[in-house]
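The values are calculated or read from the model by the stated rules, or taken from the named source; none is laboratory data. Keep in mind the model is a prediction, meaning the values are calculated, not measured. Note that each Cβ is placed from the backbone with ideal geometry, even for glycine, and that neighbours are counted across all protein chains shown. Accessible surface areas use protein heavy atoms only, side chains included; no ligands, DNA or RNA. Shrake-Rupley method; radii C 1.70, N 1.55, O 1.52, S 1.80 Å.
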Amino acid sequence: METEDTTKEKRSLMFTNGPLEGSYHALNTMNQLCRQVSIESPGLSAKDCVFNFEVPVPDVPPKGARIKVVCAGACYRIQRSTSVTSISSSSSQFTDEGGTYSSPSHHGIRDSALFPGYEVAGVVDALGSDITDNTDFKIGQRVILYPYDDVPHGYMEYMVVPELKYLVPIPDNLPLSVAAMLPSGALLAKSAVIKAHKYVSELLKVNANRICKLLIVGTGGLALWAIRIAHHHFHASDLKPKVHVTVASLRDEGFKLAKELHDVNLVQWNEDIYEKLLIERTKDACNGLVDIVIDFGTTSRSLHRSLQCLNMKGVVLISKEVADRLLPKFSRLLTERQQSVEPVEYGTIEDLKELVDNVANGTIVPPPHSEFSADDASIVVEKLSQSEIPGRAILRFHDIE
């Protein structure tokens, strides 16, 4: 007969041979070390922003769980501002008239190939001693982590969550490498699309017969997710004939990737072309000025161009970290043109659960991704900074699937 102490002991056992089958043995965390990869906000050199450590395997919180990290999205560390829900970047070390990230080696940040976030997929390695048997989570269960405010500063092979509410189960048919793309990139993109829907609804209340024009700017992981989520969100509803989507691609690879979707207009924002010509080209592709822009570029130039393509009283949706940095520069122009810029933050954990369902059942097709060993994180980040990896880059810590 099991006693309460025996039950608690079982909850601190380590899962050893994979998520679905295998044996258990007690894990003695004393003197046990695991790897940690920390990706900081890139400075002048992307080579110097990745740090590798050996850290103690963390003890399991009584009401939480320890996760064996299998895959992680290559994102740089979220740095919190005074607002507990905001995301900010310290990458303001080098600027020019076009905004930050003027170094040629940081094209990937400008087009959102590399962005801040925390993306983890793995298996439940151990449950806390206070967790009861009726929990929805079991040892060996495949999960992703909602990016709550106090996530660790780096990706550890074994990480802990203080409470189970931050974990989202994933079905067996969803590869962990794909699931790892959901908690930051896909979630932020979904949040932007939900905000866009709000403005679409407001416009249609005024004129139910109008066409709402949405422009999505970017080429990297954030924009590729936004394109797919917007396509599903609007085209799977009665809004399909009311919303026209155009994608402004910042590089050739993104143009090819975005072209995979039907019913989406495309325009290429080649930075070597004269600015007025780019704006006119965009207006032609959109059949006039647009009503809403989701802009995942990170420079003043990108935002200024988006505003030039926007109707009076239109809105540009940008990430919170970019809004914190660029909004003061545009306050006068926004007032003159009666336009607005609205920051976008992560969606809710319910939004993340919905994303899991949509991707698992195939109603949203994820962007392409490439897997790399976590040992190669420095090389991966450098390549992402130069936009040399199409789609998303996933770091693999363990060969469990």
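Here LEU384 fulfils each of the conditions (1) modelled with pLDDT under 95; (2) in contact with an Asp or Glu (Cβ under 9 Å, 6 or more places away or on another chain); (3) not acidic (Asp, Glu) apart from (2).
With the structure loaded, tell me whether ASP284 is acidic (Asp, Glu), modelled with pLDDT of 90 or more and within 23 Å of HIS233 (Cβ to Cβ) or whether it fails that test. I'd like the intermediate steps shown before the answer.
Working: acidic (Asp, Glu): yes; modelled with pLDDT of 90 or more: yes; within 23 Å of HIS233 (Cβ to Cβ): no.
It is false that ASP284 is acidic (Asp, Glu), modelled with pLDDT of 90 or more and within 23 Å of HIS233 (Cβ to Cβ).
Selection of segment 300-349 for residues being β-branched (Val, Ile, Thr) and in a helix (DSSP H, G or I) yields VAL322, THR335, ILE349. Exactly one residue out of ARG332, ARG305, ARG325 is out of contact with any strand residue (DSSP E or B) (no Cβ under 6 Å at 6 or more places or on another chain), in contact (Cβ under 8 Å) with a residue 12 or more places away in the chain and more than 20 Å from ALA248 (Cβ to Cβ): that is ARG325. A Cβ distance below 9 Å, combined with a sequence gap of six or more or placement on separate chains, defines the contacts here; from segment 278-294, residues that are more than 12 Å from VAL316 (Cβ to Cβ) reach residues that are open to solvent by less than 20 Å² (accessible area, probe 1.4 Å) and of a type in the set (Phe, Trp, Tyr) in the pairs LEU278/TRP269; ARG281/TRP269; THR282/TRP269. Does segment 149-171 contain any residue that is modelled with pLDDT under 95 and farther than 23 Å from VAL70 by Cβ? The answer is yes; a qualifying residue exists.
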